[in-house]
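Report on one structure; see the data block that follows.
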Amino acid sequence: MPQARDAYHHGDLRNALVASAVRLIEAGGPSTFSLRGAAREVGVSANAAYRHFDDKSALITAVAADGFARLAERMRRAMASASAGRGDEFVAIARFKAAGGAYVGFAADHPEIFRVMFGECGAECRNAGPGDQEVETPWTLLGRALDALVTDGFLRPDRRVGAELKVWTVVHGFASLSLDGLVAAPTQRERKAALEALLDFTVVGLCGELPTAR
């Protein structure tokens, strides 16, 4: 398909291969696709794909990196939406819970990609530390949400230290258990209620109380 091959220039083929791998993994899991299969779906030769990725693992790592970027964007949008139109003093609480909800929602909507992100091939692009503060990641967005809780007086500064890992452990655990069918909430409404209760529980664990009115 020379026309398809000619359509990719200046790095577009790499992105197209990642998008192809995402589709194939979401359809059948990482074991069902190959680098050649991704190339075939895009309409290029295997040799063209190998110019961008050494092997299947390298492409899966790129899929994981893309997943983390999409997760960060989902969290950012959820936090922005939680802030919009709110003039009360609980914006920081709403943004914090929105970040956690977006994390769990992403896992539910993209279970195979979520598993790739936290599998062996995702380790290379996974960073459980502050990293580059100029780049938005799920970790840095969580950090900003926690900082806002301190600024607004909900979270004591001494309880802020190490809070990212504590929150991540709770929310990631809920997301993983949900994917494995171990959360006793068969309907969407029940799952939403269970998540809301978990986020309230996390706020109480951090702040010592669930702010309702002042």
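The values are calculated or read from the model by the stated rules, or taken from the named source; none is laboratory data. Quick caveat, the model's predicted, so the values are computed rather than measured. When we count neighbours, we look across all protein chains shown, and the Cβ atoms used for this are built from the backbone with ideal geometry, even at glycine. Quick note on the areas: whole protein, heavy atoms, side chains included, nothing else; ligands and nucleic acids left out. Shrake-Rupley method; radii C 1.70, N 1.55, O 1.52, S 1.80 Å.
Among ALA21, ALA38, ALA184, the largest mean-square fluctuation in a Gaussian network model of the chain (Cα springs under 10 Å) belongs to ALA184. Would any residue of region 102-119 have its amide N under 18 Å from a label point 7 Å out along Cα→Cβ of GLU136? List them or say none. Only 102-107 pass the distance filter. Ligands, DNA and RNA left out, the accessible area of the chain computed with a 1.4 Å probe is 53% carbon and sulfur. Fully extending the segment from GLU209 to ASP12, taken as 0.36 nm per residue of separation minus the present Cα-Cα distance, adds 65.9 nm. For the Cα trace of region 13-73, dividing Rg by the Kirkwood Rh returns an Rg/Rh value of 0.95. In this calculation the C-beta distance from ALA48 to ARG23 is compared with R0 = 30 Å, giving a FRET efficiency of 0.95. Under the rule a/c < 1.5 gives rounded, and otherwise a/b versus b/c splits prolate from oblate, where does region 141-200 land using the Cα gyration tensor? Prolate is the answer for region 141-200, as a/c is 1.5 or above and a/b outweighs b/c.
Computed with a 1.4 Å probe over protein heavy atoms only, the accessible surface of the chain comes to 54 Å² per residue. Could you state, as a whole-number percent, how many of the C-alpha pairs of the chain are farther apart than 22 Å? That fraction is 56 percent. Cross-link partners of LYS97 among lysines, defined as those whose alpha carbon lies under 24 angstrom from its own and excluding same-chain residues fewer than eight positions apart: LYS166, LYS192.
If you plug the beta carbon distance of ASP55 and ASP152 into 1/(1 + (r/R0)^6) with R0 = 35 Å, you get a FRET efficiency near 0.15. The Cα atoms of region 29-119 cover 58, 20, 18 Å along the three principal axes, with the biggest extent listed first.
Sorted on the mean count of surrounding Cβ atoms within 10 Å across their residues, most packed first, peptides 59-66, 152-159, 141-148, 43-50 read 59-66, 141-148, 43-50, 152-159.
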